[in-house]
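Accompanying notes for the structure given below.
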Amino acid sequence: MKVVIQRVSQAKVTVDDKILGQIDQGFCLLVAFANEDTDETLEYMARKIANMRVFSDADDKMNLAINDVDGKILSISEFTLYADTKHGNRPSFTGAGDFATSSKKYDQFNDLLRGYGLTVETGEFGADMQVSLTNDGPVTILMER
């Protein structure tokens with residue numbers, strides 16, 4: 001599993017000019033799965049994201065978690081995080097999980113995040129989505145498990 005975490009002041013996702021998900025302060029997550037990801041993997045990643053202290057406290061130190069600032073999550077599925085660019089000029093995506101399994105894992109992962117009391121907006125799994133955001137900081141973190 002791979003997740004790109006971006007601290008944002010706003011983010012939205014559209015499909016065919018229709019807004020599917022939109023948040024103000026929080027995280028925009030780009031999420032990809034491999035077939036070997038387990039329930040434990042998803043639980044670990046959700047826990048780490050829910051407790052990640054990258055929001056500024058009163059002393060302007062990154063010391064607060066997303067719930068501390070009433071932040072929300074925009075979670076976007078993105079299999080291209082598994083791009084293998086070692087050979088040739090056309091990336092291979094064979095490391096990404098299959099569609100049906102990854103779709104279930106995506107739903108499960110988002111539900112795990114909601115279990116931490118987080119509001120989670122989503123795009124449409126497998127769709128051609130347009131994502132816009134304002135990266136705050138910028139703060140961008142790559143997690144892999």
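The values are calculated or read from the model by the stated rules, or taken from the named source; none is laboratory data. Computed from a prediction, not measured in an experiment: that's the story for all the values here. Because the Cβ atoms are built from the backbone with ideal geometry, glycine has one as well, and the counts that use them run over all protein chains shown. Just the protein is used for accessible areas: all its heavy atoms, side chains included, with ligands, DNA and RNA removed. Shrake-Rupley method; radii C 1.70, N 1.55, O 1.52, S 1.80 Å.
Observations, loosely collected:
- Residue in segment 121-135 that is most open to solvent (accessible area, probe 1.4 Å), counting only those that are out of contact with any Phe, Trp or Tyr (no Cβ under 9 Å at 6 or more places or on another chain) and in a strand (DSSP E or B): 130
- Boolean, residue 50 is among the small types (Gly, Ala, Ser) and crowded, with 22+ Cβ neighbours inside 10 Å: no
- For segment 31-45, the count of residues that are under 19 Å from residue 93 (Cβ atoms) and of a type in the set (D, E, K, R) is nonzero.
- Some residue of segment 48-61 being of a type in the set (A, V, I, L, M), in a helix (DSSP H, G or I) and free of Cβ contacts under 8 Å to residues at least 60 places away in the same chain: no
- Looking across segment 73-100, the residues that are part of a helix (DSSP H, G or I) and open to solvent by 50 Å² or more (accessible area, probe 1.4 Å) come down to 79, 80, 99, 100.
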